[in-house]
Each structure stands twice: as structure tokens, then as C-alpha cells.
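Down below is the structure, laid out as C-alpha cells.
The values are calculated or read from the model by the stated rules, or taken from the named source; none is laboratory data. Since the structure is predicted, the reported quantities are computational estimates derived from the model, not experimental observations. Cβ placement follows ideal geometry from the backbone for every residue including glycine, while neighbour counts extend to all protein chains displayed.
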Amino acid sequence: MKLILLGPPGAGKGTQAKFLSAAHGIPQLSTGDMLRAAVKAGSTVGKRAKSVMEAGGLVSDDIVVDIIADRIAQADCAKGFILDGFPRTLAQAAALDRLLASKKTALDAVVAMRVDDDILVRRVSGRYTCGTCGSGYHDEFQKPKKAGVCDKCGGTTFTRRADDNAETVRTRLMAYYRETSPLIGYYFALGKLSVVDGMAEIRAVTIAIEGALKTVK
């Protein structure tokens, strides 16, 4: 199963990818993780990426695609993979298609997680974590049983990501709709797309995705 999850930042793609990875025995491939691993390993493409990064430039699509090519050739991808964070643009989607075609394979499915923008902004901007054990909480949707005290470890210090605020989330949404949302139409036209309600309870979203995947097996 070769799969892409689409959806705006905060839609829960990473959470669902972890569940799917465990259930199907296929790796979740994050472009950031792959890039760092390639640089650390000192591979040919990793050296190319490192030189660009050290010069303060952005790693090109060609380099990212070459890194993905190296990664999916590894044994743990024999049964498939879940791409996390790629493609983000139509050009990247076309490059990925060419890569897979060169390996005489193709994507099996693309699942888009549909969200309500206003609720998503509230969901992301209200997140915080226990500074001791990392347990996650939310101002509205998941408060500790006792205010100011972590349910899991009893810690009393909490942290918030600097970019988890309404203004930043709206900026990220704008970038998503400008650059990435056209992929929904692209994959629909290719007959690869399924859409699920990303605002449902986490387990319900997982069940909906699994249901969509059964239609392509």
C-alpha cells in the first residue's frame, strides 16, 4: 500500500499516519526525517542537500525526489509506505508520479482529510503539553482533570509551541490552500482520491480511512 494523506496543518495527518503504519506494517516517511538521515549518512544526494542547506538555500524538488527514491528502495518499504509532507505542490506530485513510474509502480491511494477551518484554528491554537512527560492537553477540548496538574505525571509546568497561535495557523492554512489543496483535484482526476471527515473523533477518522483503503486493495 503506497499512500498519501492530504490535509491542512493540524488536521491530524501525523497521528493517522502512525496508526496506519502500525496496522499495515509500512513506514511513515517524513521528508524532514529523510532529509536529515540522508545528510547524516553522507550519501551522494545527502551531500548535495547538505551543500545547499549550508549555503542557506532551499533544497530543490529534484533533491527531495532523489532522497525519496533512495528511501523507498530500502527493504522496509517493500510492502509500501505512507508519505508525510510530500508532495506539497502540483510540480512535486508530477515528479513523484515520474519516480514511481520509473520503478514500474504507482500510488495506491490518496486520502484527503476534510476540516472546518475555524474549528481547526481553535484546535491548534489551544494545544499545550506537560513540560515533564509531554502529555498533550487543550484549552477547550482536553483539559487536565485538575486545573494546572498533569493527569499522567502530576507535573505542574506546561509549554506551548510558539507557532501554535491563531495568526500563525491562519497563515499556514493560507499557504496550504494556495499550494497544496490543488492536489485534491489532481488526484481526483487520477481516480486515486478518497475524502474523510477529519473533524471526527480520532478513532472514527482511522476507521473511515481504513474503509476508504479497502476499496483500493
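Just give me the residues in the range 135-180 being in contact (Cβ under 8 Å) with a residue 60 or more places away in the chain and charged (D, E, K, R), in sequence order.
R172, E179
Restricting attention to the range 79-107, which residues are in contact (Cβ under 8 Å) with a residue 40 or more places away in the chain and over 17 Å from the mean Cα position of the chain (by Cα)?
Scanning the range 79-107 gives K79, L100, T105, A106.
What do you reckon, is L3 within 12 Å of the chain's Cα centre (by Cα), of a type outside the set (G, A, S) and over 13 Å from K79 (Cα atoms)?
no
Looking at the structure I just gave you, is D151 modelled with pLDDT of 95 or more, farther than 30 Å from H24 by Cβ and either in contact with an Asp or Glu (Cβ under 9 Å, 6 or more places away or on another chain) or of a type outside the set (A, V, I, L, M) (or both)?
Taking the combined requirement at face value, the residue satisfies it.
If only one of S125, S135 is in contact with a Lys or Arg (Cβ under 7 Å, 6 or more places away or on another chain), of a type in the set (G, A, S) and farther than 28 Å from A93 by Cβ, which one is it? I'd like the intermediate steps shown before the answer.
On the way: S125 fails: in contact with a Lys or Arg (Cβ under 7 Å, 6 or more places away or on another chain).
Every option except S135 fails the conditions.
Matching residues to (1) among the aromatic types (F, W, Y); (2) touching a residue at least 40 places away in the same chain (Cβ under 8 Å); (3) at positive phi:
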{"position": "F19", "(1), (2), (3)": "yes, yes, no"}
{"position": "S60", "(1), (2), (3)": "no, no, no"}
{"position": "A73", "(1), (2), (3)": "no, no, no"}
{"position": "D76", "(1), (2), (3)": "no, yes, no"}
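Regarding the range 113-131, can at least one residue be identified that is over 22 Å from the mean Cα position of the chain (by Cα) and polar (S, T, N, Q)?
No: zero hits.
Suppose we filter the range 182-199 for residues that are surrounded by 15 or more Cβ atoms within 10 Å (Cβ to Cβ) and either free of Cβ contacts under 8 Å to residues at least 24 places away in the same chain or out of contact with any strand residue (DSSP E or B) (no Cβ under 8 Å at 6 or more places or on another chain) (or both); how many remain?
Going residue by residue through the range 182-199, those that are surrounded by 15 or more Cβ atoms within 10 Å (Cβ to Cβ) are 183-184, 186-187, 192-196, 198-199.
Subsequent filtering for residues that are either free of Cβ contacts under 8 Å to residues at least 24 places away in the same chain or out of contact with any strand residue (DSSP E or B) (no Cβ under 8 Å at 6 or more places or on another chain) (or both) retains 186.
Number satisfying all stated conditions: 1.
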